[in-house]
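What follows is a single structure, written as C-alpha cells, with notes after it.
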Amino acid sequence: MRGDSLVPQSGQACPSCGHPGMEVFYEVESVPVHSVLLFPTREKAMAYPKRDIQLGFCAECGFMANVVFDPGVHEYSSQYEETQGFSTTFQEFHRALAGRLIDRHDLRGKNLIEIGCGKGEFLTMLCEIGNNRGVGFDPAFVSERSVSDAKDRLTFIQDFYSEKYSSYHGDFLCCKMTLEHIPDTLRFMQTVRRSIGDRKHTVVFFMIPEMRRILHERAFWDIYYEHCSYFTAGSVARLFRKSGFDVRALGTEYDGQYLTIEATASDGEPSMPLPEEELAAALREEVDAFSASVSGTVRRWQERIRALQSQNARVVIWGSGSKGVTFLTKLGVNDQIRYAVDINPYRHGTFMAGTGQEIVSPDFLKTYRPEVIVVMNPIYMDEISAELARRDIRADLLPITENSEGTI
C-alpha cells in the first residue's frame with residue numbers, strides 16, 4: 001500500500017540501481033551538515049552550516065537516500081571526532097568481531113585494506129591479532145593517536161579512497177560505517193570491484209547502519225546529514241550484485257544496529273538471493289508506516305522534555321555524537337538541556353553542532369547532579385550505570401528508544 005506522504009522525485013535516479021523517481025517519505029529542515037566536528041565555542045557550533053534532508057525511497061531496489069544531499073559542504077579532517085573506541089562495550093564488540101573475521105577467513109599473515117578506517121582502531125586490531133599487514137584510508141586519521149606494536153606492518157593514508165588507490169590489493173578488504181556517507185553508491189562499489197580485478201580469493205566485508213531497525217523504531221535520531229545513503233539487507237545485496245560481486249553472507253551486529261555483508265568477486269552469473277534479503281515491495285509498507293508515525297515519536301519526546309523543564313529537572317544527554325545532535329535538532333532543544341556527556345576525552349570542552357550544548361566528561365556530573373539522563377544509545381545502559389555508580393551519582397536513565405506500545 002502506498003503512503004500518501006511518498007512524493008515522487010522524477011528527476012532523481014536511484015544512485016544504487018539507476019531506476020528513475022526516488023519517492024520522498026521523510027523530511028527534516030536545517031540540520032547541521034556535520035555532527036561530530038569539534039567546535040571550540042558555542043557560537044561557532046550554533047552558527048555551523050545547515051542543510052535539509054529529503055529521504056527518498058527507490059521502489060525498484062529498496063535503497064534510501066537524501067535526494068538533496070550536497071557533498072560539497074563536508075569537511076572530513078582530523079577535527080572529525082567519530083571514534084567510539086573509548087567505550088568498553090564497543091571495544092568488546094570490536095575485538096569479538098575482529099576475532100570472528102580472522103577465524104572465518106583465516107586472516108593470519110595476510111594483506112588487509114580498510115576503506116574509511118577512521119582513527120585506525122579496527123585495522124590495527126586485525127593486524128595485531130592475526131599478525132597481518134594493513135593499509136587504511138581516511139582523511140580523519142590522526143597519526144599521533146596510532147600506537148601499536150604492529151605499527152611497522154601498518155600504513156595509513158590520510159585521504160579518501162578513490163580510483164587512484166586501486167593499485168593497493170589485499171586478501172581482505174574491509175569498509176565499516178563508510179558506505180552510508182557516499183552518495184554515488186553504485187559508482188563507488190564499481191571502483192572497489194575494479195580494484196579487485198580477477199583476484200577471486202579477496203573477501204570484501206562491509207558494515208553499515210541497518211535501516212529496517214531505524215524504520216521499525218521510528219529512530220529519527222539515526223537520520224542525519226552525513227549519512228546520505230541508507231541500506232537494508234536486500235538493497236545492499238542488490239547493489240553488490242549489480243557491482244559485480246557474489247554475496248556470501250548477510251548479518252546484523254551490535255544489537256541489530258549494524259548490517260554486515262560479505263562478498264567476493266563474481267565469475268559472471270550473479271549469486272542467488274539469500275533468505276535475509278527482503279523485496280523492495282515488502283519494504284514499502286515499512287517506509288509508509290515510518291512516514292505516518294514518526295511525527296508522533298517526535299511529539300512525545302517534545303512533550304517529555306517540556307514536562308521535565310516544567311519540573312525544573314536538571315537533564316543531560318549521554319552521547320554527544322550524531323544521534324545526540326539529530327535528536328536535539330529535531331526536537332528544537334537548545335537551552336532546555338545545557339550539557340551532553342561523553343566518555344571521549346577529545347570531545348570534552350567542545351560544543352555540539354547546531355544546538356550548542358557543552359560536551360562534558362562523566363566526572364562533571366559529580367557537581368552538576370542531574371536528575372535525568374537521556375541515553376542516546378540503549379546498548380550502553382549497563383556501561384553508563386556502572387560509570388554513575390563509580391561516582392556515586394543517582395539519576396533516572398531514560399533510553400531513547402520507545403517500547404512496542406509507543407511510549408517512552
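The values are calculated or read from the model by the stated rules, or taken from the named source; none is laboratory data. The structure presented is a predicted model; accordingly, all values stated were derived computationally and were not measured. Cβ placement follows ideal geometry from the backbone for every residue including glycine, while neighbour counts extend to all protein chains displayed.
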Q) Picking from D184, D198, D159, which residue would you name as being closer than 24 Å to D106 by Cβ, surrounded by fewer than 21 Cβ atoms within 10 Å (Cβ to Cβ) and among the acidic types (D, E)? A) D198
Q | Members of the range 240-262 found to be among the acidic types (D, E) and either without any contact (Cβ under 8 Å) to a residue 24 or more places away in the chain or out of contact with any Lys or Arg (no Cβ under 8 Å at 6 or more places or on another chain) (or both), listed by number | A | D246, E253, D255
Q) Out of all the residues in the range 96-119, is one or more basic (K, R), assigned to a helix (DSSP H, G or I) and modelled with pLDDT of 95 or more? A) yes
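Residue-by-condition table, conditions (1) over 30 Å from H105 (Cβ atoms); (2) assigned by TED's automatic domain parsing to the domain that holds Y380; (3) not hydrophobic (A, V, I, L, M, F, W, C):
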| position | (1), (2), (3) |
| --- | --- |
| Y258 | no, no, yes |
| T264 | no, no, yes |
| E276 | no, no, yes |
| A282 | yes, no, no |
| E286 | yes, no, yes |
| A292 | yes, no, no |
| G296 | yes, no, yes |
| R299 | yes, no, yes |
| R306 | yes, no, yes |
Q) Of all residues in the range 328-349, which are of a type in the set (V, I, T) and surrounded by fewer than 23 Cβ atoms within 10 Å (Cβ to Cβ)? A) V333, I343
Q: Sort out which residues of the range 231-254 are of a type outside the set (D, E, K, R), part of a strand (DSSP E or B) and touching a Leu at 6+ places or on another chain (Cβ under 7 Å), and write them in order of number.
A: F231, V247, L250, T252
Q.
Restricting to the range 353-374, give me the number of residues that are surrounded by fewer than 20 Cβ atoms within 10 Å (Cβ to Cβ) and of a type in the set (A, V, I, L, M).
A. 1
Q. Do you know which of the residues in the range 88-108 that are of a type outside the set (K, R) and surrounded by fewer than 16 Cβ atoms within 10 Å (Cβ to Cβ) is nearest to Y380 (Cα to Cα)?
A. T88
Q: Look at I317 and say whether it is surrounded by 20 or more Cβ atoms within 10 Å (Cβ to Cβ) and out of contact with any Gly (no Cβ under 9 Å at 6 or more places or on another chain).
A: no
Q | Of all residues in the range 289-299 being surrounded by fewer than 16 Cβ atoms within 10 Å (Cβ to Cβ) and touching a residue at least 40 places away in the same chain (Cβ under 8 Å), the one that is nearest to F205 (Cα to Cα) | A | A289
Q: Read through the list (1) assigned to a helix (DSSP H, G or I); (2) farther than 25 Å from R193 by Cβ, then give the number of the only condition that S148 fails.
A: (1)
Q | Residue check for E286: touching a strand residue (DSSP E or B) at 6+ places or on another chain (Cβ under 6 Å), surrounded by 15 or more Cβ atoms within 10 Å (Cβ to Cβ) and at pLDDT 95 or above | A | no
Q | Residues of the range 35-47 classified as touching a strand residue (DSSP E or B) at 6+ places or on another chain (Cβ under 7 Å) and buried (at least 19 other Cβ atoms within 10 Å of the Cβ), total | A | 4
Q | Test: residue in the range 122-135 that is within 22 Å of the chain's Cα centre (by Cα), at pLDDT 95 or above and either aromatic (F, W, Y) or part of a loop (DSSP other than H, G, I, E, B) (or both) | A | yes
Q: Would you point out which residue out of E262, E276, E269 is in a loop (DSSP other than H, G, I, E, B) and either touching a strand residue (DSSP E or B) at 6+ places or on another chain (Cβ under 8 Å) or surrounded by 14 or more Cβ atoms within 10 Å (Cβ to Cβ) (or both)?
A: E276
(Q) Within the range 33-44, does at least one residue satisfy the condition of being hydroxyl-bearing (S, T, Y), within 23 Å of S243 (Cα to Cα), part of a loop (DSSP other than H, G, I, E, B) and not assigned by TED's automatic domain parsing to the domain that holds E383? (A) no
**Q.** Only one of A292, A281 that is at pLDDT below 95, small (G, A, S), out of contact with any Cys (no Cβ under 7 Å at 6 or more places or on another chain) and assigned to a helix (DSSP H, G or I)
**A.** A281
